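See structure below.
Each value in this text was obtained by applying a stated rule to the coordinates, not by laboratory testing. Just so we're clear, the structure is a prediction, and the values are computed from it rather than from any experiment. In this analysis, Cβ positions are derived from the backbone assuming ideal geometry, glycine residues included, and neighbour counts consider all displayed protein chains.
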Amino acid sequence: MRAARMYSRAQDRAGEWRARQQMRAISQLSKATTVPRSGARRVLKPARTATDTVRIRHTIRRTDVDMAELDPAQQRRLGTLLAENDPAVARAVRQMDQDEIDALTRVEMNSRTRSDFARAYDSDSVDSDEMATALKRYDSLDSDGKREYDRFVKSSGDNGVKFASELNTDQATDFFGSACRRTPSIGTAPRLRGDRFHSISGIGRSSLAGCTDYLTDAEETRYYNRIADAAAENDDISASEIFEEVSNVGDATRRGAVKRLFADSGENGIRLTRNMDPDAQKTFFDLGRKDRIDGFDEYDEWRSAVANAEDVDAEEAGRYAQRVDSAAKRDKIEDVDEILDDTTPRTDAVAGESGEAASAVRYADEGDEIEVEMEPGETDAYDMSVKGNDRSEYVEVKTRSGGDVDYAYISEQVSEMNKKHDNALKDSKLDVSENSQVLEIRTRSGADELSSAQNAAETVLDDRVRAQLDEIRLVAENGDTITVKP
């Protein structure tokens, strides 16, 4: 009991000391500035310790702000802001003029978001005009929109404040607007898949450019981070462009796929989406949604790998998606998932996998009896088997997306073909004695430009002591083929 009484008395003395310190600080602040004692009391009241009180008083005395020009609510908000003991916030307040302090404290918001605004100003992520614009955008939102804005800036930091300042009023309302109301959920948000299709652009505006669309909280946080950083760090990307790219997608499932791509690949995904042909773009984001591809579900990872692939432009990416989609629609092609697997996570496999898809479709369309199986067997052997219409062959497809199809290149591919043959000999499900072995080389050349490649292939086959193949097929861009046999 005695110890309890001693502790209580100590607490009382400490409280009395803090109160005296605060009264002293109020008096000193009022004398040193134009703020009346009542205003000084409001500014200093949020201080939790005597040290906080001294620090807030010191910061305000070093500003050029006329505290008397702030209304009582603004004075209280300024005190709450400085009571967080954040050096970046204190520096920002000392640098701000009267108008900037007025703008920062006039809008009602939670203290964390106000601190985010101040830190963005301190880091030079936003200037005075941009901060004022971002604050106006915040003030124009309803309560749900403001909560989403808080989430956005919490996730994306300084760059998020800048991002918001670049949106116009209507865009901000759509990006953070009332459609962002959240419903309680347990676990991971669902990713709906259906058969309803819409054009990826020009389908009416969506107010879901910013939030939800079946994204998990972790996915949404990455999305917010990446788009804010992409707009801040790349001269060719703006917040308005990102808003338009996403909000013009009328279908919620597809829009979620777009957001996950931006979340995973940032500026690469944004540029890819911007530059892709609309029809190819639709296929790229809908791949596997209607014509399901058995054995493959990693579409988000696949899209990100394509976007991040070096030397793969939007045209090539769109072509790849459309070729895979064409293969998926043909019942005569089995194991289409094998055309996607190597791309995830290998970003250097896009051109090769795209070429395999195109070849599979070409073979499947040669006749009603043709059957194509992708990557037959159990070893790393051939890309496909083609059977029917007097065909029985294993085909290895190589795509020369850049450079000449010359002697050195063809010789290298023949060596690879020998390795495939050796692997096939160890595979009980493959029979090289009953199936022709074909090396197909796809080129970007016209049919009339293949003569040099033909000559090189003939020379290679003449020179090679070991070439485990029955023919080389040189395929032009339009599908025309020249055959070279040993």
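Taking the Cα centre of region 235-375 as origin, sum charge times position over the Cβ atoms of Lys and Arg (+1) and Asp and Glu (-1), and report the length of that vector in debye to the nearest 20. Show your work: numbers first, answer last.
Values: 18 positive and 40 negative charges, 158 e Å.
My answer is approximately 760 debye.
What is region 365-424 by shape, rounded, prolate or oblate, if you read a ≥ b ≥ c off the alpha carbon gyration tensor as root eigenvalues and call it rounded for a/c under 1.5, prolate for a/b larger than b/c, and oblate otherwise?
Numbers: a/c = 2.60, a/b = 1.51, b/c = 1.72.
Cα axes put region 365-424 in the oblate bin.
Report the label-to-label distance for E366 and N275 in nanometres (one decimal), using points 7 Å from each Cα along the Cα→Cβ vector.
It is 3.5 nm.
With 10 angstrom as the radius, rank H421, H58 by how many other C-beta atoms surround their C-beta, starting from the fewest.
Numbers: H421 20, H58 14.
Ordered by Cβ neighbours within 10 Å, fewest first: H58, H421.
Under the 0.36 nm per residue contour assumption, what length would be gained going from the current alpha-carbon distance of R91 and K290 to full extension?
Working it through step by step, the gained length comes to 66.1 nm.
Put a dot 7 Å past each Cα toward the Cβ at E310 and S240; how far apart are the dots in nm?
Roughly 3.5 nm, to one decimal.
Roughly how far apart, in whole Å, are the Cα centres of region 78-115 and region 393-413?
Between the Cα centre of region 78-115 and that of region 393-413, the gap is 64 Å.
Can you compute 3J(HN,Hα) from phi for each residue in region 105-116, using the Karplus curve 6.51 cos²θ - 1.76 cosθ + 1.60 with θ = phi - 60°, rounded to whole Hz and x for Gly and Pro?
Per-residue couplings from phi come out as 9, 6, 8, 6, 7, 6, 5, 5, 5, 4, 5, 4 Hz.
Full extension from S415 to R62: what is 0.36 nm times the residue separation minus their Cα-Cα distance, to one decimal in nm?
119.5 nm
Arranged by the count of other C-beta atoms within 10 angstrom, fewest first, what order do D229, D342 take?
Ascending number of Cβ neighbours within 10 Å: D342, D229.
Using a cut-off of 13 Å between beta-carbons, work out the net charge of the residues near L474 (Lys and Arg +1, Asp and Glu -1, L474 not included).
Every neighbour counted, the sum reads -3.
Please compute the Kirkwood hydrodynamic radius over region 47-147, one decimal place, Å, based on all pairs of different Cα atoms.
About 13.7 Å, per the Kirkwood formula over Cα pairs.
What is the extension gain from N423 to A252, computed as 0.36 nm multiplied by their sequence separation minus the C-alpha to C-alpha distance, in nm to one decimal?
Extending this stretch completely gives an extra 57.0 nm.
I'd like the trypsin sites (Lys or Arg not before Pro) in region 401-486 restricted to DSSP loop residues with at most 12 other Cβ atoms within 10 Å, sorted by number.
Hits after loop and neighbour filter: K426, K429, R466.
Can you give me the Cα centroid spacing of region 123-168 and region 422-453 in angstrom?
57 Å
In which sequence would Y121, Y409 go, from the one with the fewest C-beta neighbours within 10 Å to the one with the most?
Y409, Y121
Could you tell me the relative contact order of region 257-397? Use alpha-carbon pairs under 8 Å, at least six residues apart, and round to a whole percent.
Details: 217 pairs, mean separation 27.5, N = 141.
Taking the mean separation of contacting Cα pairs over the length of region 257-397, I get 20 percent.
What number of lysine-lysine pairs in region 264-420 show an alpha-carbon separation below 15 angstrom, given a sequence spacing of 8 or more or placement on distinct chains?
5
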